[in-house]
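The values are calculated or read from the model by the stated rules, or taken from the named source; none is laboratory data. If you're wondering where the values come from, they're calculated on a predicted model, not measured in any experiment. Note that we place each Cβ from the backbone using ideal geometry, even for glycine, and neighbour counts take in every protein chain shown.
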Amino acid sequence: MKEENEIEDETLGRWLAGELNETEKEELEKSEAFQSYQAIAHFTEDLELEPFKTELSYEQLKEKLNGKSNETKVVKMPVWKRLAAAASIAVILGLGLTYFLQGFGDDPTTVLTAQGETKSLTLPDQSEVMLNISSKIEYDEDNWEDERAVHLSGEAYFKVSKGNRFVVNTEHGTVEVLGTEFNIRNRQQQTEVICYEGKVRVTDLKGQSTVLVPTDAARLIDGELETNWSPSVNEKADWQNGVSSFHEVPMSNVIEELENQYQLQVQMDSEHNNRNYVGAFPHDNLEDALDLICNPMQLKYTIQNDSLIVIK
């Protein structure tokens with residue numbers, strides 16, 4: 001039973017999404033709870049050199065490569081539960097609105113990987129997902145037969161079983177499966193999609209789309225489709241071979257990947273963040289990785305200790 005100082009979950013979600021009509025909005029704003037919720041909404045809203053390109057040889061890198069996979073946690077995260085305190089409300093609303101708009105149920109299954117971890121999982125239809133480091137995938141297991149849909153943050157390789165429509169949602173757009181095997185990297189301001197088998201359709205937030213066949217790739221930057229992006233594509237995703245590869249990617253993305261792979265912190269002058277990098281680094285040798293990142297960019301690095309690298 002709803003208390004006098006509570007707001008209906010559906011009404012709250014529609015208010016946050018800006019979907020209330022004037023009458024509903026007036027009624028909501030007269031409620032005792034509105035002022036608190038308004039403050040919380042404001043809090044969650046706040047929570048939110050020239051280019052240098054060098055082609056690196058994969059053959060050189062492969063000579064230095066040799067492999068790691070750990071377990072991670074599978075947790076259930078409830079959404080739109082009773083809101084008890086301002087701090088917990090802020091977190092729940094931030095996540096809950098996403099699920100409300102994406103169509104997830106009240107209890108999505110969430111699989112996480114931490115820095116340095118990878119994880120393989122099987123979806124209810126026996127589709128396989130290989131989750132890379134520092135990544136998260138969410139899906140509604142109870143509604144899976146009616147809607148095969150997942151939300152991805154980070155990077156994952158998918159082998160999709162035959163069946164009805166299968167969709168991967170990211171904050172930059174969607175990937176609809178028309179075939180079986182593809183890789184998605186969704187980090188910072190961009191999502192990269194490479195097709196390895198069958199077909200996939202990539203659609204940006206404005207509705208522009210493209211269909212990929214094997215070895216084709218597409219990239220979404222800030223929610224817009226980039227049609228002229230054509231990285232080198234190997235037989236399988238490079239990260240599954242112990243390599244992180246990049247094609248015209250900001251250095252800030254490369255450094256984030258390095259931090260996640262080697263579980264350390266990197267301090268780099270901010271002036272280098274938006275310089276574009278083309279190349280790759282191995283996951284099993286830190287000094288080789290730093291050489292392959294810094295040398296083409298004419299940068300110097302210092303290993304301060306096991307957990308801190310300084311790049312200038």
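What the table shows:
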{"quantity": "Residues within region 224-253 that are touching a Gly at 6+ places or on another chain (Cβ under 8 Å) and closer than 20 Å to Asn273 by Cα, tallied", "calculated": "2"}
{"quantity": "Residue within region 169-178 that is more than 16 Å from Leu131 (Cα to Cα), of a type in the set (S, T, N, Q), assigned by TED's automatic domain parsing to the domain that holds Glu117 and outside any strand (DSSP E or B) present", "calculated": "no"}
{"quantity": "Options Asn273, Asn241, Asn260: the member that is modelled with pLDDT under 95 and crowded, with 21+ Cβ neighbours inside 10 Å", "calculated": "Asn260"}
{"quantity": "Pair list, Cβ < 6 Å and 6+ apart or interchain, from region 117-130 residues that are farther than 14 Å from Thr180 by Cα and assigned by TED's automatic domain parsing to the domain that holds Gly163 to residues that are aromatic (Phe, Trp, Tyr) and part of a loop (DSSP other than H, G, I, E, B)", "calculated": "Pro124/Trp144"}
{"quantity": "Some residue of region 287-308 being assigned by TED's automatic domain parsing to the domain that holds Trp229, at positive phi and surrounded by fewer than 18 Cβ atoms within 10 Å (Cβ to Cβ)", "calculated": "yes"}
{"quantity": "Any hit, region 147-157, residues being at pLDDT 95 or above, assigned to a strand (DSSP E or B), within 19 Å of Asp222 (Cα to Cα) and among the aliphatic types (A, V, I, L, M)", "calculated": "yes"}
{"quantity": "Residue list for region 162-210, restricted to those being surrounded by 19 or more Cβ atoms within 10 Å (Cβ to Cβ), among the aliphatic types (A, V, I, L, M) and within 21 Å of Asp140 (Cα to Cα)", "calculated": "Val168, Val175, Val177, Ile184"}
{"quantity": "Residue check for Val278: assigned by TED's automatic domain parsing to the domain that holds Gly207 and either crowded, with 20+ Cβ neighbours inside 10 Å or modelled with pLDDT under 90 (or both)", "calculated": "no"}
{"quantity": "Candidate set: region 124-159, residues that are under 21 Å from Asp204 (Cα atoms) and more than 10 Å from the chain's Cα centre (by Cα); chosen: the one surrounded by the fewest Cβ atoms within 10 Å (Cβ to Cβ)", "calculated": "Glu147"}
